[in-house]
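**Student:** Dropping a structure here in structure tokens format, bear with me for questions.
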Amino acid sequence: MKFKKYDVIIVGTGISGIYAALNLNSSLSVLMLSKKALELNNSALAQGGVAAVMDSKNDDFELHIKDTLVAGQYKNNLENVRTLVEQGPRDVERLVEEYGVVFDRNEDGSLALTLEGGHSRRRIAHHKDTTGKEIETALIEQVVKLKNVTVINNSVLCRLEKDSERFYADVFTESGAHEYYCANYTVIATGGIGRVYNYTTNSEIATGDGIALAYDLGAKIEHLSYVQFHPTAFADREHQECFLISEAVRGEGAYLLNCRKERFMPGYEPERKELAPRDVVSKCIMEEQKKTGSDEFWLDISHKDADFVKSHFPMIYEKVLEKGYDMTKEPIPIYPCQHYLMGGINVDGKGATNIEGLYAAGECSHTGVHGKNRLASNSLLEALVFSRLVAEDINTKNISDNDGEVEYNMTSPDGIPLENKDELRKEIRSIMQRSYFVYPDYDEAEKGLRRITELKNLLDKGGYKLTTDFTETRSLATVAYIILTEILSEKNTERNSKK
């Protein structure tokens, strides 16, 4: 089999993937694989903004570090947190100066910084309530101009293998054909794992493919059970992809109400109230549900000026209006759902894994900066800082000429079709929803792991046609297997420590 040679393959085209490409030396040939269209990813769905110390008169690095550690329950990698916080402001400045990103401004021209849960200062730079889309769009405009970067849309990396010299990629394209590429370095930037749950704020492509491929290569996967459940997704049980109501809405004064339309957070968190970290708020909602016997919850910002709400949250306002609610006049229904992954492919401070030449960046990676719970709006900052560090590290390497093709033996991608993928995915999602939603249910996790292991073994045995459906289903089974294994391992460790 002949594989076309590149210096670097980047898998994923969210902010971390594109920013890595923009920071690589122009002398390097780069292949970018986009699972769908360039703009379809979790980055483009990010609403709130980028958390960074941009106002040194009222904020400082130590405060941002402390807020990050408190939110993460002090399970963070402190060295990487310091890197994130201290280097982040320059990357935010670069978005404006070099890439034309537009952030909201005050009348005097300064950044209009907002507040979100877990933050002790206003430090969230934002573009209305569509910050991720603004950044993603601006970066896409720049990366498609680069002569050394080739982008393939609607391409799924089905297999990734490695010998002593290179990585070899089997890519399934929208035409139904397989294409083959190789490179000295590979950057996994494939985003989250939200589609392993019944309800998620993640896009349809968030099936954990990159994590599963890295796992198969022998990369260390760390804390995949550190899953964040966002407390304020729009309560629409008819759709798997849940619309997120940004943390910034609470940051600007919204109240959480129970089924009786009573504000309840002050009873659980007298000081932080609605601005407690996300995991705390989600757990408080679960406790309030036990008390009231109802899973009906509301978010209310109708006491604020209507023009203020519309100007600050135009996209959210329009979205909930389409659902029949005017947030300037009435509360809107919310409920927690899966949102973000704090664990992933374990990397060092430069984004490198334990596999030589393999890097990871963004949500699929585990830098340790988030600990057990991500502080609001630190995700886009992580995507920028650590993808740049990945690129800078690759730039220091001596890479030989990679023009032309190379021969490599890889088994045929043909086999029997995976005909029951919808049923398998539904079963995996149901198992995960029962086993681990806000709190783990260890009995369900034990039963679930037995079944997930059966499904994973079935998909791992080979003989299936390597298509998008098969790749995503196998990735979901692998992700579910790792998460449930971790949960039960932690339980056993805790049990033994008490003996």
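**Student:** Dipole of the stretch 182-340, Cα-centred, from +1 at each Lys and Arg C-beta and -1 at each Asp and Glu C-beta, to the nearest 20 debye?
**Tutor:** Numbers: 18 positive and 25 negative charges, 62 e Å.
The dipole magnitude comes to about 300 debye.
**Student:** Treating only the Cβ atoms of Lys and Arg (+1) and Asp and Glu (-1) as charged, compute the dipole magnitude of the stretch 347-488 about its Cα centre; round to the nearest 20 debye. Mind dumping the intermediate values first?
**Tutor:** Details: 17 positive and 24 negative charges, 120 e Å.
Roughly 580 debye, rounded to the nearest 20.
**Student:** May I ask which residue of 137, 190, 156 lies farthest towards the positive end of the charge dipole of the stretch 82-194, with charges of +1 (Lys, Arg) and -1 (Asp, Glu) on Cβ and the Cα centre as origin?
**Tutor:** Result: 190, furthest along the dipole toward the positive end.
**Student:** Report ³J(HN,Hα) in whole Hz for each residue of the stretch 435-449, in order, from the Karplus equation J = 6.51 cos²θ - 1.76 cosθ + 1.60 where θ = phi - 60°; Gly and Pro get x.
**Tutor:** Computed from phi, the couplings for the stretch 435-449 are 7, 7, 10, 6, 10, x, 9, 5, 5, 5, 5, 5, 5, x, 5 Hz.
**Student:** May I have the convex hull volume per residue, in Å³, for the Cα set of the stretch 326-389?
**Tutor:** Working: hull volume 6.8 nm³, N = 64.
Residue-normalised Cα hull volume stands at 106 Å³.
**Student:** Answer with one residue from 453, 475, 424: the one whose Cα lies farthest towards the positive end of the charge dipole of the stretch 406-498, charges on Cβ with Lys, Arg +1 and Asp, Glu -1.
**Tutor:** 453
**Student:** Quick one: how many Å² of residue 358 are accessible to a 1.4 Å probe, rounded to 10?
**Tutor:** The value for residue 358 is about 0 Å².
**Student:** Another question, if that's okay. Amide H neighbours of residue 221 under 5 Å, at least 5 residues apart or on other chains, H built in the peptide plane: list them.
**Tutor:** For residue 221, whose amide H was placed from the backbone, the distant partners under 5 Å are 346.
**Student:** Counting only heavy atoms of the protein chains, get the accessible area per residue of the stretch 265-331 (1.4 Å probe) and round it to a whole Å² value. Can you show the working numbers first?
**Tutor:** Numbers: 3390 Å² over 67 residues.
I get 51 Å² per residue for the stretch 265-331.
**Student:** May I ask you to give the percent of accessible area on the stretch 329-381 that is carbon plus sulfur, with a probe radius of 1.4 Å?
**Tutor:** Whole-percent figure for carbon plus sulfur exposure: 44.
**Student:** Further question on the same structure: Quantify, in whole percent, the carbon and sulfur part of the accessible surface of the stretch 187-300 (1.4 Å probe; protein heavy atoms only). Before the final figure, lay out each step's value.
**Tutor:** Numbers: 1720 of 3880 Å².
Roughly 44 percent, rounded to a whole number.
**Student:** Starting from the amide H of residue 343, placed 1.01 Å from N in the peptide plane, find each other amide H under 5 Å away whose residue is 5 or more places distant or on another chain.
**Tutor:** Sorted by chain and number, the residues that satisfy this are 226.
**Student:** Rounded to the nearest percent, how much of the accessible area of the stretch 37-143 (1.4 Å probe, protein heavy atoms only) is carbon and sulfur? Walk me through the numbers before you get to the answer.
**Tutor:** Working: 2250 of 4720 Å².
The computed percentage sits at 48.
**Student:** Select one label from (1) 22.4, 73; (2) 22.2, 68; (3) 24.2, 76: the one whose number is Rg and Dmax of the Cα atoms in Å as derived from the coordinates shown.
**Tutor:** Structure-derived value, by its label: (2).
**Student:** Same structure, new question: When the Karplus curve 6.51 cos²θ - 1.76 cosθ + 1.60 is applied with θ = phi - 60°, which whole-Hz ³J(HN,Hα) does each residue of the stretch 274-285 get, with x for Gly and Pro?
**Tutor:** 5, 9, 5, x, 4, 5, 5, 5, 4, 5, 5, 4
**Student:** Using Cα centres only, tell me the gap between the stretch 96-112 and the stretch 460-477 in whole Å.
**Tutor:** If we compute the Cα centre of each part, the gap is 45 Å.
**Student:** Report the label-to-label distance for residue 105 and residue 290 in nanometres (one decimal), using points 7 Å from each Cα along the Cα→Cβ vector.
**Tutor:** Each label point is offset 7 Å from its Cα along the Cβ direction, giving 5.1 nm.
**Student:** Pop the C-beta distance of residue 441 and residue 78 into the FRET formula with R0 = 35 Å and round what comes out to the nearest 0.05. Working shown, then result.
**Tutor:** Working: r = 32 Å, r/R0 = 0.92.
Here the calculated transfer efficiency is 0.65.
**Student:** In sequence order, what are the phi-derived ³J(HN,Hα) couplings for the stretch 346-353 according to the Karplus relation 6.51 cos²θ - 1.76 cosθ + 1.60 with θ = phi - 60°, rounded to whole Hz, with x for glycine and proline?
**Tutor:** Working through the residues one at a time gives 5, 9, 8, x, 10, x, 8, 8 Hz.
**Student:** What's the FRET efficiency of residue 453 with residue 56 using the Cβ-Cβ distance as r and R₀ = 60 Å, to the nearest 0.05?
**Tutor:** Computed FRET efficiency for residue 453 and residue 56: 0.70.
**Student:** For residue 150, what residues show an amide H to amide H distance below 5 Å, using hydrogens built from the backbone and excluding near sequence neighbours?
**Tutor:** 30, 31, 32
**Student:** Given +1 on the Cβ of Lys and Arg, -1 on the Cβ of Asp and Glu, and no further charges, what dipole in debye does the chain carry about its Cα centre, rounded to the nearest 20? Write down the numbers at each step before the final one.
**Tutor:** On the way: 61 positive and 78 negative charges, 213 e Å.
Dipole about the Cα centre, nearest 20: 1020 debye.
**Student:** From the residues 353, 125, 286, which one has its Cα farthest along the dipole of the chain in the positive direction, the dipole being from +1 and -1 charges on Cβ of Lys/Arg and Asp/Glu about the Cα centre?
**Tutor:** Positive-most Cα among the choices belongs to 286.
The values are calculated or read from the model by the stated rules, or taken from the named source; none is laboratory data. Quantities reported herein were computed from a predicted structural model and do not represent experimental measurements. Positions of Cβ are generated from backbone atoms using ideal geometry, with glycine treated the same way; all protein chains shown enter the neighbour counts. Protein only, heavy atoms only, side chains kept; ligands, DNA and RNA dropped before computing areas. Shrake-Rupley method; radii C 1.70, N 1.55, O 1.52, S 1.80 Å.
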